[in-house]
């Protein structure tokens, strides 16, 4: 295995798992992230990094003028994977959850799919969800991002056929316990057909949705 910036690159991962190696930018220095993004792109013509620290984003954008940066979540992409024509919905309960929803939608797009967005459709104003429901229901998989009590995925799963991937966020007052309440609510949802990823893990939801829509390809 090739070693770059202290990391052992895994260039065969895409062929083995269907998902290329992706850089988790948090906790890495600017030099490490720059080297890893450059090495992955040089090998495969594609590199995706998530959670780039805020103080590194402008430097990496300058180092890679061809890169696309998602400013809210700190995701960065160089190159593109082939477009699949598959549609994956990214549904967001409130604007406070957008940092996680944006990471999910950015990764969905990076993997070659069309991200169908529905934002600020949480249960406090559930009528807003119904305006977007036809678009959501037409997708092959649906990512639902919510904090507080985490009720939205159960509502969505009770209304559509597609599999729902629930993403709890660390948004909420004290008893939300930084997303633990939403996580437990999603794990105990009464609507069947829901998978749950870790708190704030928009990328993980996108990876699972990618595998779901590619399963029959």
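The values are calculated or read from the model by the stated rules, or taken from the named source; none is laboratory data. This structure is a prediction, so every number in the text was calculated from the model and none was measured. Note that each Cβ is placed from the backbone with ideal geometry, even for glycine, and that neighbours are counted across all protein chains shown.
Here 76, 48, 133, 98 are screened, and the one residue that is at pLDDT 95 or above and over 20 Å from residue 206 (Cβ atoms) is 133. Within the stretch 51-73, the residues that satisfy the criterion of being surrounded by 11 or more Cβ atoms within 10 Å (Cβ to Cβ) and more than 22 Å from residue 205 (Cβ to Cβ) are 56, 57, 59, 60, 61, 63, 64, 67. Within the stretch 102-128, the set of residues being in a loop (DSSP other than H, G, I, E, B) and touching a strand residue (DSSP E or B) at 6+ places or on another chain (Cβ under 8 Å) comprises 113, 120, 121, 122. In the stretch 193-216, the residues that are in the same structural domain as residue 177 (by TED's automatic domain parsing) and under 16 Å from residue 157 (Cα atoms) reach residues that are modelled with pLDDT of 95 or more and part of a helix (DSSP H, G or I) with C-beta atoms within less than 6 angstrom, at least six apart or across chains, in these pairs: 193/157; 194/153; 194/157; 196/186; 196/187; 197/204; 197/205; 205/104. Of the residues 84, 95, 119, the single one that is in contact with a helix residue (DSSP H, G or I) (Cβ under 9 Å, 6 or more places away or on another chain) and farther than 30 Å from residue 45 by Cα is 119.
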